[in-house]
Amino acid sequence: KPSRARAPQNALRHMAQPLQLRINSLAGRLLALDCDGAWCGAEVKAAVEARAGIPAREQRLFVGTTELGGADAVGLSVEPLGGGEGPAVVEVTLVRRPAEQAKWLAMAADDWKALYFAPAHLRADREVVEAALRGSWRAIAFADEALRKDRALGIEVVRQDWSALEFLSEDLRSDGEVVLAAVEGDVAALELATESAREDRGVVLAAVRIDPWALRWAAAPLLGDREVVAAAVGKDGGLLALASPALRDDRDLALLAVRTRPEILEAASPRLRRDRDLVLSAVEGSWRALEFACEELRADRDVVLAAVRQDWRAMRFAAEHLSGDRDVLMAAVGLYGEALYLSAQALRGDRELVLAAVRRSGRALAFAAEELRADRDVVLQAVRQDGLALEFAASALQDDGEV
């Protein structure tokens, strides 16, 4: 029976009151049942089966035009007639299902795969199909074509699982509301939609607002639609790579993209990869973006410093002459001492730079100039950080007791 925990006070009174259900068939009065408002539809059907011999699964009970469901409490489902003393009277109409339909309803409810074996006219029966769908959305594949064209049923089934879109009619796979209901489950549903749905600007724009990766399945003309692409790129800059060449040359879109995915600078047009502000914005987001800057900006000291301060490995993409820039190398060895190996020979004799490197990694001593490998203070700093750095010290210091 339905829970009474949250029922309003007037509903509780309806459920507690005594009722007399007058069960009428289409041929006339069948029987009367005394019960209370808490009885559910299944209990009423069981009582009718016991009294009249009509199997419960063949019964459909209506109060007016409202069907009484198996779990529905009679007192909550009806407005009883009468009042005063004695039970209130409720007129109930019993419509008997065909035995075959009742049998397949029960079978489909028990195992959705039974729908595959059902006769054609029952695979077109909405009740039978809905009973199977309650077991699994996959049952829609066995439904009659007319039901696979049913819009309300289509929306219901794709909300269970977006994959069901594959089995709906072409009309429904072109229907924006049905397609978007599926996309809410998984953006990949757009791939199952028709070409006309993927060409529909409204559908695709709504889809990318749900999930930006919907842009992957947009029709080619929409990859040149600035609003559609901006909606996707604003959430995931990497999607700029899917845009048309004209939009990959759009500076504002590129700026929007590099905020979330700096490496997408690679997909920007050659003109934009020469745009200093854009490149600097990308590099400040990720040092890896330096790889995709034009040659001129990979030689720009400020741009390279912005990258190297994040990760010394950005030196791999910097112009060769910057290996002789003291500030750039100081930033690199401050993160990883052995980055000293990337420096120009002239800097390897810079005592302050080498000291910064060996304090970070003793083994950086291997890349210092010969005179610094013979510098007692430099070597002491190196071996204090890593005793194995002694291997790279001058021979005289390798025999130094303190070292």
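Remarks
- Taking the inverse of the mean reciprocal distance over all distinct Cα pairs, the Kirkwood hydrodynamic radius of the stretch 195-314 comes to 14.5 Å.
- Between the C-alpha center of the stretch 95-121 and that of the stretch 138-180 there is a gap of 21 Å.
- Estimated FRET transfer efficiency (Phe117, Asp34; beta-carbon r; R0 41 Å; 0.05): 0.45
- When the alpha-carbon atoms of the stretch 68-211 are used, the pair Rg, Dmax equals 20.0, 68 angstrom.
- Long-range HN-HN contacts of Ser361 with modeled amide H, under 5 Å: Gly337
- Principal-axis tilt of helix 326-335 within the chain, Cα atoms, nearest 10 degrees: 50
- Karplus-derived HN-Hα couplings along the stretch 111-127 (A = 6.51, B = -1.76, C = 1.60, θ = phi - 60°), whole Hz, x at Gly and Pro: 8, 4, 5, 4, 4, 4, 9, 5, x, 3, 5, 8, 6, 9, 8, 4, 5
- The alpha carbons of the stretch 117-167 stretch over 27, 20, 16 Å along the principal axes, in descending order.
- Descending semi-axes in whole angstrom, ellipsoid equivalent of the chain, from the Cα gyration tensor: 78, 28, 18
- The H on the amide N of Ala319, modeled in the peptide plane, is under 5 Å from the matching H of Ala299, each at least 5 residues off or on a different chain.
- Put simply, the Cα atoms of the stretch 328-402 extend 36, 21, 16 Å along their principal axes, the longest span coming first.
- Near Gly237: Cβ cut-off under 10 Å, other residues only, Lys/Arg at +1 and Asp/Glu at -1. The net charge is +1.
- Burial ranking of peptide ranges 22-32, 181-191, 267-277 (average Cβ count within 10 Å, highest at the top): 181-191, 267-277, 22-32
- Computed over the stretch 123-282, the Cα gyration tensor eigenvalues convert (square root of 5λ each) into semi-axes of 40, 13, 9 Å, ordered from largest to smallest.
- The angle between the Cα long axis of helix 151-160 and the main principal axis of the chain comes to about 50°, on a 0 to 90 degree scale.
- Tail beyond 16 Å, pair distance distribution of the stretch 259-372 (Cα, percent): 55
- Equivalent ellipsoid of the stretch 40-79: semi-axes from √(5λ) of the C-alpha gyration tensor, largest first, are 18, 10, 8 Å.
- Average accessible area per residue (Å²) across the chain - probe 1.4 Å, nucleic acids and ligands excluded: 49
- Taking the longest Cα principal axis of the chain as reference, the axis of helix 376-385 is set at about 20 degrees.
- Theoretical ellipticity at 222 nm over the chain - DSSP helices of four or more residues, -39500 (n - 2.57) apiece, nearest 500: -10500 deg cm²/dmol
- Between the listed residues Ser169, Gln385, Gly285, the Cα displaced farthest toward the positive end of the dipole of the chain, a dipole computed from Cβ unit charges relative to the Cα centre, is found at Ser169.
- Rounded to whole numbers, the Karplus 3J(HN,Hα) couplings from phi for the stretch 300-307 are 7, 4, 5, 5, 5, 4, 4, 6 Hz, using 6.51 cos²θ - 1.76 cosθ + 1.60 with θ = phi - 60°, and x at Gly and Pro.
- Lysine pair number, Cα distance threshold 23 Å (strictly under), the chain, separation 8 or more or different chains: 4
- Working note: Karplus 6.51/-1.76/1.60 with θ = phi - 60° gives the stretch 59-68 the couplings 8, 10, 10, 10, 10, x, 9, 9, 7, 8 Hz, where Gly and Pro are set to x.
The values are calculated or read from the model by the stated rules, or taken from the named source; none is laboratory data. Owing to the predicted nature of the structure, the values given are computational and were not obtained by experimental measurement. Cβ atoms come from the backbone with ideal geometry, glycine included; neighbour counts cover every protein chain shown. In case anyone asks, the SASA skips ligands and DNA or RNA and just uses the protein heavy atoms, side chains included. Shrake-Rupley method; radii C 1.70, N 1.55, O 1.52, S 1.80 Å.
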